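The values are calculated or read from the model by the stated rules, or taken from the named source; none is laboratory data. Please read these numbers as outputs of a predicted model, since none were measured by experiment. Cβ placement follows ideal geometry from the backbone for every residue including glycine, while neighbour counts extend to all protein chains displayed.
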Amino acid sequence: MRELIRQLFVAALLVATGAHAGNQLEEKMAESVRAALHKAITDQSAPFLAFATVGEARAWLDAMSSKLERRMPDKALREDFLVTVHYEAKRAGVDSQLVLGLIQVESAFRKYAISSAGARGLMQVMPFWVKAIGGVDDNLFHLRTNLRFGCVILRHYIDIEKGDLYRALGRYNGSLGRPEYPNMVLAAWKQWEFNPAASGVVKTGGER
């Protein structure tokens, strides 16, 4: 119990103080998996907030924008970022608030962050992924490209680990089997929780 408390304390401290990027490890993958990941990367539909109502979309955007304002003061850039995060996360089948927590830990929301291992951008994607599943023109410092790759890679690791998010996060960071990174991301995820009721959204789908 004492060790668990220590780990959670370290996680909270690291989340509060900034980025803690690692690196995904390049692994062999079946050609069918490579093809599926490439297909997931190449769709170029325009990002949008996929909520049941306009009111719920606005409430989510306002809530997340408020949390992010200190890190991204420009409202237009902030909202564009959040819309893109939500869209790419939903496309990949991962929680958008989890993605925000992961970005907080990986890059502290720095678009041009580069880790000591060479991981790039907001979601700290390793360049080998471009060669493996992307195209020659893919720029990992481009907002949507980075988020697209990061969300697809995270989904890939969740699938590999059969839904075990803790292990999937370890793979994402290249620290599989160690608790620090998953604990940090899970702690950050909680900071991005969205409560529709508290935001004035009617759960039945109406607006107020």
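Things worth noting here:
- Here TRP60 fulfils each of the conditions (1) under 22 Å from PRO196 (Cα atoms); (2) surrounded by fewer than 16 Cβ atoms within 10 Å (Cβ to Cβ); (3) in contact with a Ser or Thr (Cβ under 8 Å, 6 or more places away or on another chain) apart from (2).
- Taking region 165-178 as the range and being at pLDDT 95 or above and either of a type in the set (Ser, Thr, Tyr) or more than 18 Å from ARG155 (Cβ to Cβ) (or both) as the test, the residues that pass are TYR166, TYR172.
- Residue pairs meeting the criteria (Cβ under 7 Å; at least 6 apart or on separate chains; first more than 17 Å from PHE109 (Cα to Cα), in region 164-193; second at pLDDT below 95 and charged (D, E, K, R)): GLY170/ARG178
- Residue check, VAL125 touching a His at 6+ places or on another chain (Cβ under 9 Å) and not hydroxyl-bearing (Ser, Thr, Tyr): no
- Residue check for VAL136: surrounded by fewer than 24 Cβ atoms within 10 Å (Cβ to Cβ) and β-branched (Val, Ile, Thr): yes
- Matching option when the condition is under 16 Å from the mean Cα position of the chain (by Cα), buried (at least 22 other Cβ atoms within 10 Å of the Cβ) and of a type outside the set (D, E, K, R), among LEU143, LEU147, LEU186: LEU147
Conditions (1) surrounded by fewer than 21 Cβ atoms within 10 Å (Cβ to Cβ); (2) touching a Phe, Trp or Tyr at 6+ places or on another chain (Cβ under 9 Å); (3) hydroxyl-bearing (Ser, Thr, Tyr); (4) modelled with pLDDT under 95, marked per residue:
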| site | (1), (2), (3), (4) |
| --- | --- |
| PRO73 | yes, no, no, no |
| PHE81 | no, yes, no, no |
| VAL85 | no, no, no, no |
| ARG91 | yes, no, no, yes |
| ALA108 | yes, no, no, no |
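- Only one of the numbered conditions (1) surrounded by 18 or more Cβ atoms within 10 Å (Cβ to Cβ); (2) touching an Asp or Glu at 6+ places or on another chain (Cβ under 9 Å) is violated by ARG155, and that is (2).
- Enumeration of residues in region 176-199 that are in a helix (DSSP H, G or I) and charged (D, E, K, R): GLU180, LYS190
- Among the residues making up region 115-137, a single one is under 11 Å from ILE41 (Cβ atoms) and free of Cβ contacts under 8 Å to residues at least 24 places away in the same chain: VAL130.
- Among residues of region 25-51, those that are assigned to a loop (DSSP other than H, G, I, E, B), of a type outside the set (Asp, Glu) and either modelled with pLDDT under 85 or touching a strand residue (DSSP E or B) at 6+ places or on another chain (Cβ under 7 Å) (or both), counted: 10
- Annotation note: of GLN104, GLN124, the sole residue that is at pLDDT 95 or above, under 14 Å from the mean Cα position of the chain (by Cα), surrounded by 18 or more Cβ atoms within 10 Å (Cβ to Cβ) and more than 29 Å from THR53 (Cβ to Cβ) is GLN124.
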